[in-house]
Amino acid sequence: MNGELLMHEPMAKHTTYGIGGPALAYFHPANTDDLVLILKTAHENGIPVFFAGSGSNLLVSDDGFDGFVISLAKYFRKLEFIGKQVLVESGVMMGRLVRECISRKLSGVESLIGVPGTVGGAIKMNAGAYGHEISKSLEKLKVVTVTGDLKEYDRDEIDFGYRYSSLQDDEILISAIFEFEEGIPEKIQELKSIASESRKESQPLKFRSAGSVFKNPEGANSAGYYIDQAGLKGTRSGDAEISTKHANFFVNHGGASSEDIAELIRLAKITVREQFNIELELEIKTLGFPPRYFDA
Ligand SMILES: Cc1cc2nc3c(=O)[nH]c(=O)nc-3n(C[C@H](O)[C@H](O)[C@H](O)COP(=O)(O)OP(=O)(O)OC[C@H]3O[C@@H](n4cnc5c(N)ncnc54)[C@H](O)[C@@H]3O)c2cc1C
């Protein structure tokens, strides 16, 4: 293998929460051959596999994960423009894609300025902000299956919804082709500024978090609204806190454990259910926990 293998690697180093025990092995494949080799090895030996981007939407258990974690964030970083089309490898950071599009006067992702993470993670999550979702400009996807086979999808073969894509959990996305629109530079700059100013005003960006913990429920009000109205802003469990600035962000003040965050998740679910008869559903992805661990 030409990439890197880190044995018993603490996942806290690879999540924006800064939380998470060791993975059996953490891989940075250097290319598709590496990736296929790792996947085949895992498959043949019955080792569970998890695909990570940059861990900005991820809560990992303090007990870690007894399997392989594979991230393309280090070596899958090709970004190639051909007119309005761009071929992007999954490890490219969203910020870079947004900046490169803006500098070419291409419109489609400027409202996603400030969404952390990789393009792979953004597509899997159908990341969105201020009225725009990443899937809107998508044309094609390339994945490797858990058995090591390459597959291509057209955009319309995949369902995308609110923070949802029908991409299978056992397929790792390696690259995508987007087609953006030629935009008006002033309009692009305006959308970008609105998004980044609103984000600074409303989100606790000084603290470690994984963004919004829960999806917004159907209806007019956000998950953060209900958690705030339930009086939970500022509630702490150990070093974890329901942010005083944005109630759907749970922040790590330094030494929070995964159990601290889990406690707050259960508390928010119970309180919002009791007070508003609303079921909150997790937006963040979780790894290494027993089934139904976050039920309340
Ligand atoms: C401060 C802050 C603000 C945020 N604001 C927003 C926001 O405005 N809008 C929004 O949508 N999100 C937001 N997020 C959440 C997060 O940034 C996004 O979900 C992001 O797209 C996740 O990318 P990632 O590379 O970190 O993925 P990870 O967190 O590593 O993984 C997320 C999911 O994607 C899967 N995945 C990752 N890479 C691949 C791949 N190559 N192939 C297959 N599956 C893969 C993982 O298995 C996991 O299920 C925010 C997070 C933070 C910390």
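Which ones in segment 213-237 are of a type in the set (G, A, S) and either within 21 Å of A127 (Cβ to Cβ) or not in a loop (DSSP other than H, G, I, E, B) (or both)? Those that are of a type in the set (G, A, S) and either within 21 Å of A127 (Cβ to Cβ) or not in a loop (DSSP other than H, G, I, E, B) (or both): S222, A223, G224, S237. Only residues that are in contact (Cβ under 8 Å) with a residue 12 or more places away in the chain, away from the ligand (no atom under 12 Å from the Cβ) and either among the hydroxyl-bearing types (S, T, Y) or part of a helix (DSSP H, G or I) (or both) were counted in segment 5-25, giving 1.
For residues that are touching a residue at least 60 places away in the same chain (Cβ under 8 Å), touching a helix residue (DSSP H, G or I) at 6+ places or on another chain (Cβ under 8 Å) and either part of a helix (DSSP H, G or I) or polar (S, T, N, Q) (or both), tally how many sit in segment 238-296. Residues flagged as touching a residue at least 60 places away in the same chain (Cβ under 8 Å), touching a helix residue (DSSP H, G or I) at 6+ places or on another chain (Cβ under 8 Å) and either part of a helix (DSSP H, G or I) or polar (S, T, N, Q) (or both) within segment 238-296 amount to 1. Kindly evaluate E80 against the criterion of being within 18 Å of V119 (Cα to Cα), acidic (D, E) and more than 18 Å from the chain's Cα centre (by Cα). So E80 fits the description; yes. Residue by residue through segment 95-114, note down the ones that are within 11 Å of the ligand (Cβ to nearest atom) and either touching a Phe, Trp or Tyr at 6+ places or on another chain (Cβ under 7 Å) or without any contact (Cβ under 8 Å) to a residue 40 or more places away in the chain (or both). Matches in segment 95-114: G95, S111.
Within the bounds of segment 162-170, is there any residue that is in contact (Cβ under 8 Å) with a residue 60 or more places away in the chain and over 22 Å from L282 (Cβ atoms)? Scanning segment 162-170 turns up no residue that is in contact (Cβ under 8 Å) with a residue 60 or more places away in the chain and over 22 Å from L282 (Cβ atoms).
Within segment 37-52, restricting attention to residues that are of a type in the set (A, V, I, L, M, F, W, C) and within 21 Å of the chain's Cα centre (by Cα), the residue that is surrounded by the most Cβ atoms within 10 Å (Cβ to Cβ) is A52. Every listed requirement among (1) more than 15 Å from the chain's Cα centre (by Cα); (2) in a strand (DSSP E or B); (3) not assigned by TED's automatic domain parsing to the domain that holds E171 is met by L59 save one, (1).
Can you name the residue in segment 115-141 that is within 6 Å of the ligand (Cβ to nearest atom) and of a type in the set (A, V, I, L, M) and, of all such residues, is surrounded by the fewest Cβ atoms within 10 Å (Cβ to Cβ)? By that ranking, first place goes to A129.
The values are calculated or read from the model by the stated rules, or taken from the named source; none is laboratory data. This structure is a prediction, so every number in the text was calculated from the model and none was measured. Note: ideal-geometry Cβ built from the backbone for every residue, glycine included; neighbour counts use all protein chains shown.
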